[in-house]
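To keep things clear, I will list the structure first and then write my remarks on it.
Please treat every number below as a calculation from the coordinates, not as lab data. Everything numeric here is computed off the predicted structure, so don't read it as measured data. Backbone-built Cβ (ideal geometry, glycine too); neighbour counts: all protein chains shown.
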Amino acid sequence: MNALLQYAVQGLAAGSFYALAALGLAIIFGVLGVVNFAHGAFYMLGAVTAAVLLDTLNLTLWWSLLVVPVLMFAFGVVVERLFVQWLLRLDPLYNFLLTFGLTLVLVELVKQKYGVSGLPYTPPEALQGRVELAGVVLPRYQLFVFLFSVAICVLVWLVMTRTRVGMIVRASTEKPELARALGINVGRWVTPVFGFGVAIAGLAGVLSAPFRAITADMGNNFAIILFAVVVIGGLGSIVGAVVAGFLVGLVEAFGQAYAPTFAQVLIFVLMALVILVRPAGLFGRKEATA
Amino acid sequence: MLEVTALNAWYGEAQALHEVNVRVGEGEVVTLVGRNGAGKTTLVRCLIGLHRQVSGAVCFLGRDVTRLPAHQRARAGMGWVQDDRGIYASLTVEENLLLPPSVSERAWTLKRVYEAFPELAGRRKAGGTTLSGGEQQMLAIARALRTGACLLLMDEPSEGLAPVVVARIREIIREVKATGVGVLLIEQNVTFAATVADRHYLLSQGRIVETLDTADLQRREGELLKHLGI
Ligand SMILES: Nc1ncnc2c1ncn2[C@@H]1O[C@H](COP(=O)(O)OP(=O)(O)OP(=O)(O)O)[C@@H](O)[C@H]1O
Ligand SMILES: [Mg+2]
């Protein structure tokens with residue numbers, strides 16, 4: 001029982017990174033129609049930036065949780081203006097070429113500057129150690145990651161369902177042409193939406209910094225699993241992205257505990273099962289597959 | 001208010017519209033009649049700015065809008081009622097109504113919309129596509145009216161609807177016409193067209209082949225129905 005709960009919390013913490021990153025991916029795909037293969041690299045940049053900020057300016061995790069998303073938003077805006085905007089009118093193949101190429105460039109740049117060995121990262125003292133909850137001892141940091149991510153997801157959900165911006169994002173995701181014909185300047189939302197998606201991937205990176213080895217390559221494997229998350233949840237579905245993110249985190253944690261060699265395979269078995277039963281993903285709409 | 005001159009439209013190499021001239025005046029209801037594939041929807045999509053592979057000119061309220069993007073045409077006062085109704089499943093009924101920005105002082109308040117369309121009032125929090133076909137058509141029309149659009153482009157609003165619903169659409173069109181709104185109505189239903197419209201364009205294979213008044217239309221109804229393949 002004790003062990004089960006520990007795996008669950010570990011899975012939910014790992015799932016938090018997937019959920020946040022997939023959330024950004026889903027919103028970007030919805031509004032831009034672009035599948036951002038560079039998302040893993042943005043996640044990596046978030047973690048590396050947090051490590052550099054801690055090392056050079058002694059900015060702790062608390063600060064990084066605030067500063068890094070802002071920096072990543074700005075970076076996302078630059079990337080969108082320089083590159084991504086040209087994809088919107090082009091064949092989806094270019095989408096893959098550009099965002100994948102961007103990944104290679106970012107990963108190599110980070111390698112050049114910081115080498116291949118992991119950067120160290122210590123979380124603030126308040127988040128170290130363990131807490132006892134109802135007789136179960138759990139790592140404090142993992143609990144924090146889970147609760148923090150859930151709070152962010154709820155916040156995004158509130159924005160999506162309760163605000164005009166959210167309404168416009170939903171409308172331009174579902175029927176972009178109609179939104180324009182109804183007087184919505186969909187183009188105006190493209191840059192901020194991309195920036196937001198990058199910022200939230202960066203935030204996932206910051207959260208993972210004390211938890212994972214911070215290397216230039218840390219986003220590569222992450223991106224592969226993220227792909228499974230998006231397929232499981234349903235491409236473009238925001239709720240699906242979050243649910244599938246946590247689900248995949250759990251599968252991964254229990255897999256590592258009970259069948260370590262198959263942990264990753266299990267995720268893709270889950271993906272295959274979902275595709276068989278619901279080709280559009282758990283929360284995808286049917287049209288999304290067409 | 002709407003003046004289309006020598007409009008040509010293409011899908012790649014295939015020309016879908018040839019030298020189309022169409023005029024809609026203030027408070028005028030004009031129908032566009034033509035068989036399936038004649039190019040009616042294409043024409044409306046050119047007017048609202050979604051189909052861009054065109055030549056010719058579209059003037060709206062005395063202004064050349066041929067190069068304007070769709071959202072600016074909507075803001076200038078064009079209201080589109082799409083052929084598949086275009087109701088958002090991910091938005092509630094009320095959000096569907098509130099999504100398009102108000103474009104003139106003619107804009108309706110929600111209160112007025114709900115008075116005119118009581119069936120929507122009870123469902124305001126329901127998902128847009130949980131409504132019946134007729135209710136969705138009402139919602140699409142109400143949405144265009146709420147913005148205060150001065151030109152309605154309605155693509156087959158009566159299609160597949162029960163006679164009582166068609167009768168209501170007729171009443172709505174008459175009411176908005178009385179307030180000076182222009183309507184370009186795409187219709188296969190010649191009988192319905194004859195009861196609401198002032199003039200009728202007959203579109204065939206992308207060309208306007210005839211312009212008829214309602215008396216002509218009624219006199220030649222049998223012949224036209226045959227042409228339309230109904
Ligand atoms: N996306 C497209 N690509 C290529 N050709 C198209 C496209 N959409 C329509 N067409 C062609 O353009 C012509 C006009 O089609 P359009 O949809 O405008 O006709 P319509 O009069 O609205 O017909 P309906 O009564 O069936 O709605 C048709 O020959 C159709 O095949
Ligand atoms: Mg049509």
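Within the range A:1-36, list the residues whose amide N lies under 19 Å from a label point set 7 Å along Cα→Cβ of residue A:65. Of the residues in the range A:1-36, A:9-24 have backbone N under 19 Å from the label point off residue A:65.
Structural size metrics of chain A, computed from C-alpha coordinates, are Rg and Dmax of 18.6, 59 Å. By the helix-only formula, in which each DSSP H run with n ≥ 4 contributes -39500 (n - 2.57) and the sum is divided by residues, chain B has a 222 nm mean residue ellipticity of -10000 deg cm²/dmol. Short to long, the 20 Å bins of the Cα pair-distance histogram for the protein assembly as shown hold 21, 43, 26, 10, 0 percent of all pairs.
The simple spin-label model puts a point 7 Å past each Cα toward its Cβ; for residue A:132 and residue A:151 those points are separated by 2.6 nm. The distance between label points at residue A:221 and residue A:78 comes to 3.0 nm (points 7 Å beyond Cα on the Cα→Cβ vector). Only lysine pairs 8 or more places apart, or on different chains, with alpha-carbon atoms under 28 angstrom apart are counted in the protein assembly as shown, and they number 9. Just so you know, the averaged projected area of the alpha carbon convex hull for chain B sits at 11.9 nm². Shielding by partners for peptide B:98-106, expressed as the average number of C-beta atoms from other protein chains within 10 Å of each residue's C-beta, is 3. Considering only B:150, B:46, B:59, the mean-square fluctuation computed in a Gaussian network model of chain B, springs between alpha carbons under 10 angstrom, is largest for B:59. Using equal-weight Cα scatterers in the Debye expression, the normalised intensity of the range A:144-246 in log10 at q = 0.18 Å⁻¹ is -1.02.
Of all DSSP bridge pairs formed entirely within the protein assembly as shown, close to 60 percent run antiparallel. Nearest 10 degrees, 0 to 90: what angle lies between the long axis of helix A:186-208 and the longest principal axis of chain A (Cα atoms)? For A:186-208 against chain A, the angle is about 10 degrees. For the peptides A:134-142, A:39-47, A:210-218, the ranking by mean Cβ contacts within 10 Å, running from highest to lowest, is A:39-47, A:210-218, A:134-142. Per residue of A:182-190, other chain Cβ atoms within 10 Å of the residue Cβ number 6 on average. Among A:57, A:66, A:119, the largest mean-square fluctuation in a Gaussian network model of chain A, built with springs joining Cα atoms closer than 10 Å, belongs to A:57.
Helix A:39-57 and the long axis of chain A differ in direction by around 50°, with both axes built from C-alpha atoms. Which angle from 0 to 90°, rounded to the nearest 10, does the C-alpha axis of helix A:92-114 make with the longest principal axis of chain A? On a 0 to 90 degree scale, this one is about 40.
Using the per-residue mean of other Cβ atoms lying within 10 Å as a proxy for protection, in what order, highest first, do the peptides B:175-184, B:61-70, A:154-163 fall?
On the way: B:175-184: 18.5, B:61-70: 15.0, A:154-163: 13.4.
Taking the mean over residues of other Cβ atoms within 10 Å, the ranking is B:175-184, B:61-70, A:154-163.
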